[in-house]
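Notes follow the structure.
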Amino acid sequence: MKEIICAACNKGCRLSVDSDLYEVSVSGNECALGRDYAVSEYTNPVRTATFNVRVRGGTAAVVSAKTDRPVSLAKILPASRLLKKLYVDAPISEGQVLFSSLLGEKIIATSSVEKADNNE
């Protein structure tokens, strides 16, 4: 059995989730959204992950970034290891795709970084 605090609505119900071989059972939800949230969180939890990506030739050393949609928790650590090796060239605009995986996940910039003036 797993205890989950529901985030599907603002009630924050304490849900109990359990499963047998065939079915996931949920108790404690006060609305229909709670059951769907609990089943999703129990079977395939997902999160929007945030990162810092290194910038080459910019006014800042890093740019903040995030996944374009929630991704499986199992993919976050491998993505962070990959992005640790990534450099992007300035200028960078907020919303710009910094990296796309073969499986469709995209890492997008959440801020902008201007190109550094080399005359300084």
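Could you rank the peptides 73-84, 36-47 by their average count of other C-beta atoms within 10 Å per residue, with the highest value first? Numbers along the way, then the final one.
Values: 73-84: 12.9, 36-47: 15.5.
Going from most to least packed, we get 36-47, 73-84.
Quick one: which residues, 5 or more positions from residue 99 or on another chain, have an amide H under 5 Å from its amide H? H modelled 1.01 Å from N in the peptide plane, none for Pro or chain starts.
Residues meeting the amide H criterion: 107.
What is the helix-to-structure angle for 32-43, meaning the angle in degrees between its Cα long axis and the longest Cα principal axis of the chain, kept from 0 to 90 and rounded to the nearest 10?
Value to nearest ten degrees: 70.
Hey, what angle do you get for helix 73-83 against the long axis of the chain, alpha-carbon based, 0 to 90 degrees rounded to 10?
The answer is roughly 10 degrees.
So if I take the centroid of the Cα atoms in segment 8-28 and the same for segment 57-88, what is the distance between those two points in Å?
32
Okay, helix-only estimate at 222 nm for the chain: each DSSP H run of n ≥ 4 adds -39500 (n - 2.57), divide by all residues, round to 500 deg cm²/dmol; what do you get? Mind dumping the intermediate values first?
Numbers: 2 runs with 23 residues, N = 120.
Rounded to the nearest 500, it is -6000 deg cm²/dmol.
Beyond 11 Å, what share of the Cα-Cα pairs of segment 2-43 is found? Please give it as a whole percent.
Numbers: 475 of 861 pairs.
The proportion of pairs with Cα distances above 11 Å equals 55 percent.
Go through 66/115; 85/106; 11/75; 2/106 and tell me which ones have a Cα-Cα distance over 24 Å in this structure.
Pairs exceeding the cut-off: 11/75; 2/106.
Report the charge-dipole magnitude of segment 50-109 in Debye, nearest 20, computed about the Cα centre from +1 at each Lys and Arg Cβ and -1 at each Asp and Glu Cβ.
Numbers: 9 positive and 4 negative charges, 51 e Å.
Roughly 240 debye for segment 50-109.
Based on Cα positions only, what radius of gyration and what Dmax would you give for segment 50-109, in angstroms?
Just the Cα atoms of segment 50-109 yield Rg and Dmax of 11.1, 33 Å.
What's the percent breakdown of Cα-Cα distances in the chain across 10 Å bins, shortest bin first?
So the P(r) values, bin by bin, are 13, 32, 22, 20, 10, 3, 1.
Every number here is computed from the coordinates shown, using simple stated rules; none is lab data. Just so we're clear, the structure is a prediction, and the values are computed from it rather than from any experiment. Reconstructed Cβ throughout: ideal geometry from the backbone, glycine too, with neighbour counts over all protein chains shown.
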